[in-house]
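**Student:** Let me give you the structure first, and then I'll get to my questions.
No value in this document is a laboratory result; all are computed from the given coordinates. Please read all numbers here as calculations on a predicted model, not as lab measurements. Cβ coordinates were reconstructed from backbone atoms using ideal geometry, including for glycine residues, and neighbour counts include every protein chain displayed.
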Amino acid sequence: MTLLGTGSAIEASADHRKPRASDPIVFPAQTISSMTSTICAPPLQRNWPLWWKLSLAGALLFVLILAVAIGWLFYAGIGIWGISWPVVWGFAIINYVWWIAIASGGTFISALFYLAEVEWRGALNRIAETITIFAAACAAIYPILHLGRPWLFYWLFPYPNVMGVWPQFRSPLLWDFAAILTYVISSILFWHFGLVPDLATMRDKADAPRTRRFYGALALGFRGSENAWRYYSIGYGLLAAVMAPLVISVHSIVGLDFAGAATLGWHSTQFPPFFVFGALLSGFAMVMLVAVPVRRLLGLEDFITGRHFDILGKLLLTSSLCLSYAYLMEAFTTFYGPDAAAKRLFIDKVAGELAPIYWTTILFNVLAPQAMWRRSVRLNETLVVLISLLVIVGMWCERYVIVVMSLRRTHLPSAWGDYTPTVWDWMTLFGTIGLFIAGLLVAIRLLPTVSMFEMREVILRHARRHR
Amino acid sequence: MGSVFRPAANFWASLTLLMMALAVAAFSLSVWLWPHSDDARRVNWAPAQPVPFSHQHHVSGLGIDCRYCHASVEVSSNAGMPPTYACMSCHSQIWTNAALLEPVRNSLKDDRPLVWRRVTDVPDYVYFDHSIHIAKGVGCSSCHGDVASMALTYKAKSLTMQFCLDCHRDPGPRLRPKDKIYDTSWTRDATTPAPELLLAAYGVPQRNLTDCSICHR
């Protein structure tokens, strides 16, 4: 029985709700039609249980807090934040890098692993892409707010203006604008394009005329003809091929935002790959953090199995090892190099006033994921959620170290300063977390949480193999 | 199960998409083009003034020099607006009872300056200095237009940043001989010295004229 009580093949699967090492990618009891009705049932259910309503109400409260924080920011200016000279980048940049990194998991799983033709992605790509959309939306808010005069954000865009000047094309900050814009737009396109056949299924499954019209309009007239499928798979492959390199370029450019400045601790050639590693770690962590409870709440145990837990755990561990290498290289190049100021900054990081934040980063991003070496940990729902949560927090601490530490201890000791976030900083941070959760809740309410048309292929292939 | 939509829906869906694309294009185009327009920049705009002062009459007709009223233009960032006493140096003798000049007489009587409305304005973050432009051979009309022919003073140039930069990037052709600076009908002709000669004569530094801090502090 699921919490929604949809009553289908799920009921028979009570014995394998706990992920096991021997789990297949999809349980053989599931046929194409049982899978379709299981996945279509939650969005078509009229009344959703209390947990959903309460979570949405809680998330919307934080969205309201976000609206207040942004409204006051627009009225009063960025002086309400903790930033000042010399720490001119604060929460806005930390949160921006954090969110855009969280967004990476979806693109990586659904685009790169699509091109690699891995079978297990079919059950996870919808959840992962939905995470991408809302995390990227949260990320995109911050650079605009950080501008100081947000209503002039379009000045970042190279257009023939009356000022007679162009944006500085040599600045990574301009590339960043282009990269984020491209990333957000193509993520939304990829998400919707991947949804079209499933929306058509929903249209055909729905009873109420209004529901049918809603899904019908979103399905853009997809009828599943042979011709439509042929063009569809070409289009999907093309979009995946566009998206896969984008996830690398976006995070490289975020790294260059820092590396392009001649600031201590930032001016390093390893920053682009370092940021890609960090992005993947937090992306995979967020996919786990969301997939584990959603699997239980919507009764998706037959599709997101022990096999998926195992793979995601290994991916988390791999990206954590890559990131650990980057941390190690950061220490190595600092002491291998000649810059006394850089050495002093590094020692301040690991033994100074804010050292606890640095060591929290190491503990959560490097040490905690090492537990994933054990299969029993990878298959333990509680531990998986806990480690993912630690990684998400750890990644935020990492950005705090990068942004604040370097700026508060510049080359000139006379220009040293400090940074204390204000209540408005915290309100904006928690507000975007509320926005993200609200987005996810609405998405699982309205849309099929697993890609049905891809699951059909997986089920067919498995059925053939087991015959 | 019947179709959700009738065949006409295809037409409306395409039309909606087309209209959305057109709306985006029209919005972008207007955001791009509108700031370039004379309306957006209020070119030819002549605000109502406390007294309908005519530069045409005073400058072209009577031959009064710009500096008689805008006295600090050569030495200060601000060109200076004339005190009521400057008006009264003549108008205590002529047109003493003219109804049009009532606000001027009241200003003197109450010891309160006339409140003229600014025609030529730049944003507060632009640190424009009249004296350096006059000293380096930029005439009044380069920014203010042919004021001597204006019955009512109007804004003659767009004064966008583009307008400023056009000259700062290539000042030579806009410079004029010293004796033509206050001649608002002057234009470059065959007798004007070559731009390079004027640049050299005035010692205009071309290296840093487009630095941000030249105009923005």
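**Student:** Within segment B:184-217, whose backbone N sits under 19 Å from a point 7 Å along Cα→Cβ of residue B:127?
**Tutor:** From segment B:184-217, the list is B:205-217.
**Student:** Residues in segment A:300-320, backbone N under 14 Å from the label point at residue A:45 (7 Å along the Cα-to-beta-carbon vector): list them, ranges by number please.
**Tutor:** Under 14 Å, as judged by backbone N against the label point of residue A:45, lie A:300-301 of segment A:300-320.
**Student:** How far apart, in nm, are two points set 7 Å out from the Cα along the Cα-to-Cβ line at residue A:376 and at residue B:115?
**Tutor:** 8.4 nm
**Student:** Would you be so kind as to identify which of A:21, A:242, A:87 lies farthest towards the positive end of the dipole of the protein assembly as shown, taking Lys and Arg as +1 and Asp and Glu as -1 on Cβ and the Cα centre as origin?
**Tutor:** Towards the positive end, the residue furthest out is A:21.
**Student:** Does anything in segment B:155-193 have its amide N under 14 Å from the 7 Å Cα→Cβ label point of residue B:42, and if so which residues?
**Tutor:** Counting backbone N atoms under 14 Å from the label point, the list is B:155-160.
**Student:** Among A:58, A:309, A:148, pick out the residue whose Cα is farthest towards the positive end of the charge dipole of chain A, where Lys and Arg carry +1 and Asp and Glu carry -1 on C-beta, about the Cα centre.
**Tutor:** With unit charges placed on the Cβ atoms, the residue in question is A:309.
**Student:** Provide the FRET efficiency to the nearest 0.05 for the residue A:188-residue B:21 pair, computing r from the beta carbons and using R0 = 25 Å. Working shown, then result.
**Tutor:** On the way: r = 16 Å, r/R0 = 0.65.
About 0.95, to the nearest 0.05.
**Student:** For chain A, with only Lys/Arg (+1) and Asp/Glu (-1) charged at the beta-carbon, what is the dipole magnitude about the Cα centre, in debye rounded to 20? Working shown, then result.
**Tutor:** Details: 35 positive and 25 negative charges, 184 e Å.
Approximately 880 debye in magnitude.
**Student:** Moving on. Quick one: if you stick a label point 7 Å off each Cα along the C-beta vector at residue A:321 and residue A:341, how many nm between them?
**Tutor:** Placing both labels 7 Å along Cα→Cβ, they lie 3.8 nm apart.
**Student:** Mind checking which lysines have their C-alpha under 28 Å from residue B:180, skipping anything on the same chain fewer than 8 residues away?
**Tutor:** Filter leaves B:136, B:155, B:157.
**Student:** Please name which of A:101, A:397, A:43 has its Cα lying farthest along the dipole of the protein assembly as shown towards the positive end, using unit charges on Cβ (Lys, Arg +1; Asp, Glu -1) and the Cα centre as origin.
**Tutor:** A:43
**Student:** From the phi of every residue in segment B:39-51, what ³J(HN,Hα) in whole Hz does the Karplus formula 6.51 cos²θ - 1.76 cosθ + 1.60 yield, where θ is phi - 60° and glycine or proline is x?
**Tutor:** Going residue by residue, I get 5, 5, 8, 6, 5, 6, 7, 10, x, 5, 10, x, 10 Hz, with x marking Gly and Pro.
**Student:** If all Cα-Cα distances of chain A are sorted into 10 Å bins from 0 onward, what percent lands in each bin, rounded to whole numbers?
**Tutor:** Bins of 10 Å from zero give 4, 19, 29, 25, 15, 6, 1, 0 percent of pairs.
**Student:** Compute the distance in nm between two label points, each set 7 Å from the Cα along the Cα-to-Cβ direction, one at residue A:249 and one at residue B:209.
**Tutor:** 3.9 nm
**Student:** Round to the nearest 0.05 the FRET efficiency obtained for residue A:173 and residue A:367 when R0 = 45 Å and r is the Cβ-Cβ distance. Numbers along the way, then the final one.
**Tutor:** On the way: r = 34 Å, r/R0 = 0.75.
Efficiency for this residue pair is about 0.85.
**Student:** Please list the helices of chain A that count as membrane-span-like by this rule: a mean Kyte-Doolittle hydropathy of at least -0.5 together with Cα atoms stretching 27 Å or more along the helix axis, each helix being a complete DSSP H run.
**Tutor:** Numbers: long enough: A:50-76 (39 Å, 1.96); A:121-146 (37 Å, 0.93); A:172-205 (48 Å, 0.84); A:226-259 (50 Å, 0.91); A:271-297 (39 Å, 1.63); A:306-336 (44 Å, 0.64); A:381-400 (29 Å, 1.49); A:423-446 (34 Å, 1.65).
What comes out of the filter, once short or polar helices are dropped, is A:50-76, A:121-146, A:172-205, A:226-259, A:271-297, A:306-336, A:381-400, A:423-446.
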